[in-house]
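Here the structure is laid out as structure tokens; the discussion comes afterwards.
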Amino acid sequence: MATRALFPTLLYNAALQKQGARAFNARLLREIKQLGHDDVAGRKWSLRNYPGGFTSYASVNRLHTVSPTFAALEKKLLPHVRRFCRELQLDLVQRKLVMTDCWANIMPAGVVHGMHLHTLSTISGTYYVRVPPHSSGLKFEDPRLDRMMAAPPRLANSRLENRPWVLVPANAGHLILFESWLRHEVPTNQSRTERVSISFNFNWF
């Protein structure tokens, strides 16, 4: 073919485990709800930076080091992260990729998490604990978008890899992995029920 795909942006989306996801998510949900009650610093930070919702991003952001349940999550995530890194063909022979951050997010109705990226990290991701109907997915932005100053709009039915934004649906029991430099956002939660997720970073330096 005359046309080749260069510099692809890869995304990993899979079920965390083959069985037992419902029971495991129930354990995670209990701990996250308790954390939302106990984490005073997190609630104060969320009032200013995560209006209407709760995140332990700026307070308790190494949950895998303080909770056996979240340590179990880390262990379950590792095979997926390794598989994704093989697809990316990352050279990790000399250094080990480890989880450096892990925090909880609660998004009630009407809450949004604006466009951002995860600095000083290698692989980032989200695991979905509870995803009610009509709640938002994860929206990714083409990393070349700021260079497309003279580009025409894309066709409405264009292939996913040619679109400037792609919304990946959220599913309870599933995870999404991406390289940390990829900008993303969570659009407004239009469900009446809280959307609960866990975000995390893996780093190699």
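Worth a mention:
- Debye intensity ratio I(q)/I(0), log10, the chain, q values 0.10 Å⁻¹ (C-alpha model): -0.45
- Over every Cα atom in the stretch 28-116, the radius of gyration and the widest Cα-Cα span, Dmax, amount to 15.5, 45 Å.
- Estimated from the Cβ-Cβ distance and a Förster radius of 22 angstrom, the FRET efficiency linking Lys44 and Met115 is about 0.40.
- Close amide H pairs (under 5 Å, H built 1.01 Å from N) link His113 with Val186, residues at least 5 positions away or on another chain.
- Within the listed set Gly110, Gly53, Gly173, the residue fluctuating most in the Gaussian network model of the chain (springs between alpha-carbon atoms under 10 angstrom) is Gly110.
- Order of Met1, Met107, Met148 - criterion: other Cβ atoms within 10 Å of each residue's Cβ, fewest first: Met1, Met148, Met107
- Per-residue Karplus couplings for the stretch 185-200, computed as 6.51 cos²θ - 1.76 cosθ + 1.60 with θ equal to phi - 60°, are listed in order as 8, 10, x, 3, 6, 9, 8, 7, 10, 5, 9, 10, 9, 10, 9, 7 Hz, Gly and Pro entered as x.
- Those residues of the stretch 98-141 whose amide nitrogen sits under 20 Å from the label point placed on Gln190, 7 Å along Cα→Cβ: 107-115, 130-141
- Total lysine pairs under 18 Å (Cα atoms) in the chain, excluding pairs fewer than 8 apart on one chain: 5
- The angle between the Cα long axis of helix 40-49 and the longest principal axis of the Cα atoms of the chain comes to about 30 degrees, rounded to the nearest 10.
- Interchain or long-range residues, amide H under 5 Å from Leu138's placed H: Val168, Ala170
- When the Gaussian network model of the chain links Cα atoms closer than 10 Å, the mean-square fluctuations of Asp142, Asp39, Asp91 top out at Asp91.
- Put a dot 7 Å past the Cα of Ala14, heading toward its Cβ, do the same for Trp181, and the two dots end up 2.4 nm apart.
- From phi via Karplus (6.51, -1.76, 1.60), per-residue ³J(HN,Hα) for the stretch 113-126 in Hz, x at Gly/Pro: 10, x, 4, 6, 9, 10, 6, 6, 9, 9, 10, 10, x, 9
- Between the amide H of Arg195 and those of Met107, distances stay under 5 Å, these residues lying 5 or more places away or on another chain, with hydrogens modeled in the peptide plane.
- Residues considered: Ala170, Ala156, Ala72. Largest GNM mean-square fluctuation over the chain, using C-alpha springs under 10 Å, is found at Ala156.
- Kirkwood-based shape ratio for the stretch 79-193, expressed as Rg/Rh from alpha carbons: 0.99
- Among Ser46, Ser56, Ser180, sorting on how many other beta-carbon atoms sit within 10 Å of each Cβ, with the fewest leading, yields Ser180, Ser46, Ser56.
- Scalar couplings 3J(HN,Hα) for the stretch 72-80, obtained by applying the Karplus form with A = 6.51, B = -1.76, C = 1.60 to θ = phi - 60°, are 5, 4, 4, 5, 6, 6, 3, x, 5 Hz; x denotes Gly and Pro.
- Tilt relative to the chain, helix 21-38 - C-alpha long axis, 0 to 90 degrees, to 10: 70
Readers should treat all values here as calculations from the given coordinates under stated rules, not as data from a laboratory. Because the structure is a prediction, the values reported are computed rather than measured. Cβ coordinates were reconstructed from backbone atoms using ideal geometry, including for glycine residues, and neighbour counts include every protein chain displayed.
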